[in-house]
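Notes for the one structure printed next.
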Amino acid sequence: NQQILLAKRPTGMPTMEHFSFQNAPLPHPEDGQVLIQTLYISVDPYMRGRMSNEKSYVAPFKLNEPMNGRIVGKVLQSKSDQLHIGDKVVGMLDWQKYNTADINNVRKIDENGAPLPAYLSVLGINGLTAYFGLLDIGQPKEGETVVVSGAAGAVGMITGQIAKLKGTHVVGIAGTDAKTDFLKKELGFDEAINYKTTDDMSKAIAASCPNGVDVYFDNVGGSISDDVMNHLNDFARIPLCGAISSYNRTDGDFGTRIQPKLIKSRSLIKGFIVGDYSEQFGEGMRDLSTWLAEGKLTYKENIVEGFEHVPDAFLGLFSGDNLGKQLVKVSEE
Ligand code: NDP
C-alpha cells in the first residue's frame with residue numbers, strides 16, 4: 001500500500017524533499033469498517049499550515065506519518081451492512097492508495113448527482129466555503145460590486161458565480177491571462193485583472209469597480225488585499241477566507257495595512273472557517289446542487305493523473321498551476 005509521508009517540516013516554500021513515499025502492508029477492515037480504494041485526492045492550500053508544527057484550527061501532520069485530506073474512493077470490502085462493495089464514498093483519509101475507515105467517518109456519494117470529482121470541488125468543501133463566506137458574511141445585494149481574489153481557483157470561481165447569481169457586478173483577480181479570460185468568457189465575471197502583469201493594481205481596481213467595492217472576498221491577503229481595500233465603500237463586508245500569499249512567507253510581512261480605511265468606511269472584516277457552518281451544510285449543498293442542475297453554476301477541475309504526482313500537484317497551488325480545483329486521479333472509477 002503506497003503512502004505519502006511528511007518527511008520534514010518546511011520553512012518557507014516546501015519542496016519534494018519534505019515528502020517521502022513508502023510501501024506499507026494492505027490494511028484490513030474490522031467490524032463497522034470498510035476498505036476503500038483511493039480514486040481522487042484533493043490537495044488544498046491549508047495543508048501547508050499542517051506541515052508546520054503550529055497550533056491552528058486543525059492539528060499539524062505528524063512527521064514520518066501519512067499526510068491526509070479529502071479523498072473520494074471506492075469500497076472494496078465492507079464489514080458493515082450500511083456500505084456495500086462498489087459504493088463511492090468521500091472522507092478525510094490518509095494519502096495512500098488504500099484506507100480502512102469507520103463507516104461513520106465517510107459519506108456515501110450519490111453517483112447520479114454529479115461526476116465523482118465534483119464532490120471534492122463544487123459539491124465539497126470549496127463550494128460550501130464560497131457559499132457561506134459570501135452569503136453569510138459578504139451579504140451581497142443586487143447592484144453592488146463584489147471583488148474576489150484567487151478568483152480562478154476552487155473557492156474563487158464558485159464565489160464569483162454565486163455573486164453573479166445575486167445580481168452584483170463581479171470583478172475577479174487571478175494570475176494569468178488564461179485565467180482572467182476564463183473568468184470573463186466562461187463564467188460571466190464582469191471584469192478580471194491579472195495581478196502578475198498589472199503595474200498599478202489600485203488603478204486597475206478603480207477602473208473595474210467604478211462604483212467602489214461593497215464586498216471583498218479575500219483568498220490571498222497581502223498587497224493585493226491592500227489595493228482592493230483602498231476602494232471600499234461605506235459599510236463594505238470582507239469575508240477573510242484565506243491568505244495564500246503569506247503561507248510560505250518567513251519575514252512576518254503578512255499585510256494588510258488598511259486599518260484607517262476600514263475605520264472610515266465602517267467596514268466589517270471577518271475571518272471564517274467553513275466548518276463553522278457544518279450545521280447548515282445541507283442547505284448549502286441543496287442550493288449548490290440546484291444551481292448546478294439548472295446550469296446556473298459551472299465548475300472546472302485541474303486533474304493530474306498518478307499517485308506519485310500528489311506532492312507536485314500540491315506544490316503547484318503556490319505557483320498558480322491550477323485553473324479550477326486541483327485534484328489527483330489515483331485509480332480508475
Ligand atoms: P485555489 O484553487 O484557489 O488554488 C490556490 C491559488 O492561489 C493558485 O491557483 C494561485 O492562483 C493563487 N495564489 C498562489 N499564491 C499566490 C500569491 N502569492 N498571491 C496571490 N495568489 C496566489 O485554492 P482553494 O480554492 O482551495 O483555496 C483558496 C483560498 O481559500 C486559500 O487561501 C485557502 O487557504 C482558503 N480556504 C479557506 C477555507 C476556509 O474555511 N476559510 C476553506 C478552503 C480554502 P493565481 O494564478 O491567481 O496566483
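Only the coordinates and a few stated rules stand behind these numbers; no lab work does. These numbers come from a predicted model, not from an experiment. All Cβ positions, even for glycine, are placed from backbone atoms using ideal geometry, and neighbour counts span all protein chains on display.
In the chain, what is the volume of the convex hull around the alpha carbon atoms, normalised per residue and reported in Å³?
With only Cα atoms used, the chain gives 133 Å³ per residue.
About its Cα centre, how strong a charge dipole does the stretch 188-333 have in debye, to the nearest 20, once Lys and Arg get +1 and Asp and Glu get -1 at the Cβ?
In debye, rounded to 20, the stretch 188-333 gives about 600.
With the dipole of the chain worked out from charges on the C-beta (+1 for Lys and Arg, -1 for Asp and Glu) around the Cα centre, which of TYR98, PHE281, VAL215 lies farthest toward the positive end?
VAL215
With a 10 Å cut-off between alpha carbons and a GNM built on the chain, which of ASP321, ASP136, ASP81 moves the most?
ASP81
If you put +1 on each Lys and Arg Cβ and -1 on each Asp and Glu Cβ, how big is the dipole of the stretch 256-333 around its Cα centre, in Debye rounded to 20?
Around 940 debye, computed over the stretch 256-333.
By a straight-distance test (C-alpha under 17 Å), which aspartates and glutamates pair with LYS108 as possible cross-link partners, with residues fewer than eight away in the same chain excluded?
ASP81, ASP87, GLU333
Under 17 Å from a point placed 7 Å out from the Cα of GLU30 along the Cα-to-Cβ direction: which residues of the stretch 72-90 have their backbone N that close?
78-81
Post the alpha-carbon centroid distance, the stretch 251-298 to the stretch 115-168, in whole angstrom.
So the separation of the two Cα centres works out to 8 Å.
Considering the chain as a Gaussian network with a 10 Å cut-off on Cα pairs, which listed residue, ALA192, ALA24, ALA236, attains the greatest mean-square fluctuation?
The residue with the greatest mean-square fluctuation here is ALA24.
In percent, how large is the relative contact order of the chain, given Cα pairs closer than 8 Å and 6 or more residues apart?
Numbers: 732 pairs, mean separation 58.1, N = 333.
Relative contact order of the chain: 17 percent.
For GLY271, enumerate residues with amide H under 5 Å from its amide H, sequence gap 5+ or separate chain, H modeled in the peptide plane.
So GLY271 has HN proximity to LEU240.
In sequence order, what are the phi-derived ³J(HN,Hα) couplings for the stretch 19-35 according to the Karplus relation 6.51 cos²θ - 1.76 cosθ + 1.60 with θ = phi - 60°, rounded to whole Hz, with x for glycine and proline?
Calculated HN-Hα couplings, in order: 10, 9, 9, 8, 9, 10, x, 5, x, 10, x, 9, 4, x, 10, 10, 9 Hz.
Rounded to the nearest 20 debye, what is the charge dipole size of the chain about its Cα centre when +1 sits on each Lys and Arg Cβ and -1 on each Asp and Glu Cβ?
480 debye
Taking the dipole about the Cα centre of the chain, with the C-beta of Lys and Arg at +1 and of Asp and Glu at -1, give me whichever of LEU83, GLN22, GLY12 is farthest to the positive side.
The residue sitting farthest along the positive end of the dipole is GLY12.
Return the inverse of the average 1/r over all pairs of distinct C-alpha atoms in the stretch 215-333, which is the Kirkwood hydrodynamic radius, in Å to one decimal.
17.3 Å
What is the ratio of the Cα radius of gyration of the stretch 170-229 to 2.2 N^0.38 Å, with N the residue count, to two decimals?
Working: Rg = 10.7 Å, N = 60, 2.2 N^0.38 = 10.4 Å.
Ratio of Rg to 2.2 N^0.38 Å for the stretch 170-229: 1.03.
Given VAL72, GLY124, GLY113, which one lies farthest toward the positive end of the charge dipole of the stretch 56-166, if we put +1 on the Cβ of every Lys and Arg and -1 on the Cβ of every Asp and Glu?
VAL72
Enter the Cα centre distance for the pair the stretch 49-88 and the stretch 175-206, rounded to the nearest angstrom.
36 Å
For the stretch 75-84, what does the Karplus curve 6.51 cos²θ - 1.76 cosθ + 1.60, with θ = phi - 60°, yield as ³J(HN,Hα) per residue in whole Hz, taken in order and with x for Gly and Pro?
6, 9, 9, 9, 10, 8, 8, 8, 10, 10
Stick to Cα atoms and the Kirkwood definition of Rh, then tell me Rg/Rh for the stretch 125-275.
Numbers: Rg = 13.8 Å, Rh = 14.9 Å.
Computed over Cα atoms, the ratio is 0.93.
What number, in nm² with one decimal, is the all-direction average of the projected area of the convex hull of the alpha-carbon atoms of the stretch 1-130?
Numbers: hull surface 34.4 nm².
The directionally averaged projection comes out at 8.6 nm².
Where does each of 34-44, 160-170, 280-290 land if you order them by average Cβ count within 10 Å, highest first?
The densest-packed peptide leads the list: 34-44, 160-170, 280-290.
Which FRET efficiency value, to the nearest 0.05, do you get for THR11 and GLU283 by plugging their Cβ-Cβ distance into 1/(1 + (r/R0)^6) with R0 = 45 Å?
0.65
Could you work out which residue, out of ALA206, ALA152, ALA313, moves most in a Gaussian network model of the chain, that is, has the largest mean-square fluctuation with Cα springs under 10 Å?
Ranking ALA206, ALA152, ALA313 by mean-square fluctuation puts ALA206 first.
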